[in-house]
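Written out below as structure tokens is the structure these notes cover.
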Amino acid sequence: MSEITPDYIINFLSDIQPNSHSFIQDLEKYAHEKEIPIISFEVKSLLEFLLSMHQPNTILEIGTAIGYSSILMSQYLPKEGKIITIDRYPYMIEQAKYNIHKAKLNSVITLLEGNAQDILPTLKPYFDLIFLDAAKGQYQTFLPHCLRLLRPGGLLIADNVLYKGMIAKARYDIPRRQRTIHKRLRSFLWDISHHPELQTSILPIGDGVALSYKKDPIDSNLI
């Protein structure tokens, strides 16, 4: 369910979606039953569209959960395509390993265990696409690493950036315990919207998705 779009619109759009691969459907059912957060169907549809159009060879995912997004994205890779995904939570890592193995994708998806803040500096550029779907309060911390690792012409996709719509409210209109995330997410959105290397669009679907295209220096010279 979307945090922003009215339910009747979500239900209509959900009804007209084509069926996913049976394994993807099984993962969706499991996640919903166990109340494990995965990308919304609107974000899934957008991701599939962008992957079809962008045709990445290498993908970096920050935030694996049960492996749902990695497995979904793997369907759009070329034959030699690779995905690196990072997670630090033992339960999620265990579930993701099981699902990746069951999907016979061990040679395609590499799961790195640990804190992304520690792992990202060890990775080498370049990735064609980076999918950021981790702790929202850390997005701004991860951004410099994403910029280093993303190739010119690459795409950075950040999920859940509107924080149930609260990101658009004033600081004192939200609960005190959520103000740190509110502040950090606002800073992240400002940074990607004004960064000279990025062209960004923020979409109010799901819980908010930010799409950032890393400009090619040749393209930048034309502006």
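The values are calculated or read from the model by the stated rules, or taken from the named source; none is laboratory data. All of these numbers come straight from a predicted model, not from anything done at the bench. Here the Cβ positions follow ideal geometry from the backbone for every residue, glycine too, while neighbour counts run over all protein chains shown. Surface accessibility is based on the protein's heavy atoms, side chains included, excluding ligands, DNA and RNA. Shrake-Rupley method; radii C 1.70, N 1.55, O 1.52, S 1.80 Å.
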* Would you pull out the residues with amide H under 5 Å of residue 127's amide H, same chain only if 5 or more places away, H placed 1.01 Å from N? => 150, 151
* Report the local net charge at residue 195: Lys and Arg +1, Asp and Glu -1, summed over other residues whose C-beta lies under 14 Å from its C-beta. => +1
* Structure fact -> Restricted to pairs 8 or more residues apart or on different chains, the lysines in region 93-191 with C-alpha atoms under 28 Å apart form a number of pairs equal to 9
* Using 20 Å as the cut-off for backbone N distance, which residues of region 23-64 belong to the label zone defined by a point 7 Å from the Cα of residue 101 along Cα→Cβ? -> 23-24, 26-28, 30-31, 64
* Which aspartates and glutamates have a Cα lying under 14 Å from the Cα of residue 215, excluding residues fewer than 8 positions away in the same chain? -> 128, 197
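What full-extension length gain, to one decimal in nm, is calculated for residue 117 and residue 183 as 0.36 nm per residue of separation minus the Cα-Cα distance?
Net length gain for the segment: 21.8 nm.
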* Cα lying deepest toward the dipole's positive end in region 159-223, options 160, 181, 193, charges on Cβ -> 181
* Asked: In whole percent, what relative contact order does the chain give with Cα contacts below 8 Å and a gap of six or more residues?
  -> 20 percent
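Order 61, 28 by their accessible area, 1.4 angstrom probe, all chains in place, largest first. Provide the component values of the computation, followed by the final result.
Values: 61 0, 28 40 Å².
My answer, sorted largest first, is 28, 61.
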* How high is the FRET efficiency between residue 16 and residue 80 when r is their beta carbon distance and R₀ equals 25 Å, given to the nearest 0.05? -> 0.15
* Structure fact -> Taking 63-73, 184-194, 8-18 and ranking on average Cβ neighbours within 10 Å, highest first, one gets 63-73, 184-194, 8-18
* Taking 0.36 nm per intervening residue step and subtracting the Cα-Cα distance, what contour gain separates residue 35 from residue 199 on full extension? -> 55.6 nm
* **For region 56-195, size of Cβ-based charge dipole, Lys and Arg +1, Asp and Glu -1, in debye** => 480 debye
* Once you put a point 7 Å from the Cα of residue 57 and another 7 Å from the Cα of residue 7, both along the Cβ direction, what distance in nm separates them? -> 4.7 nm
